[in-house]
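To start, the structure under review is shown below, and the notes come after it.
The values are calculated or read from the model by the stated rules, or taken from the named source; none is laboratory data. These numbers were taken from a predicted model, which means no experiment stands behind them. Neighbour counts are summed over all protein chains in view; Cβ atoms, including those assigned to glycine, are modelled from backbone coordinates with ideal geometry.
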Amino acid sequence: FYPNNFCKAKLQKQSGASWTTVSEPTGGCPIALGFLDPGQTVVHSFALPQNVGGGMYRFAMPMPVPDDSAAAEPEFVTPAFRVQDGQSQ
């Protein structure tokens, strides 16, 4: 299962060598998106905030937790992408 549901992706901005969370989702999502079968995929849209500003960004979310796992793994992060003048590239 996905902790806090799949829709809890955070937008992070690169600041030097570190990443800072700049936006977290405020709404929930359907519980069905918290459980995926092996190989199953889901598409989730994330609207960038109006005031996001230029820079390098990525999304981060908790990794899925297997039923037999004792501890959570590090966050899953997407490849970085550049935002310039409020438009992604």
Reported set for the stretch 56-87 where residues are under 15 Å from the mean Cα position of the chain (by Cα) and at pLDDT 85 or above is M56, Y57, R58, F59, A60, V77, T78, P79, A80, F81
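Among the residues of the stretch 6-27, are any assigned to a loop (DSSP other than H, G, I, E, B), surrounded by 13 or more Cβ atoms within 10 Å (Cβ to Cβ) and modelled with pLDDT of 70 or more? Walk me through it before giving the result.
At the first step, the residues of the stretch 6-27 found to be assigned to a loop (DSSP other than H, G, I, E, B) are 6-9, 16-17, 24-27.
When the remaining residues are screened for being surrounded by 13 or more Cβ atoms within 10 Å (Cβ to Cβ), the result is 6-9, 25.
Adding the requirement that they be modelled with pLDDT of 70 or more leaves 8-9.
Yes; the residues of the stretch 6-27 include at least one that is assigned to a loop (DSSP other than H, G, I, E, B), surrounded by 13 or more Cβ atoms within 10 Å (Cβ to Cβ) and modelled with pLDDT of 70 or more.
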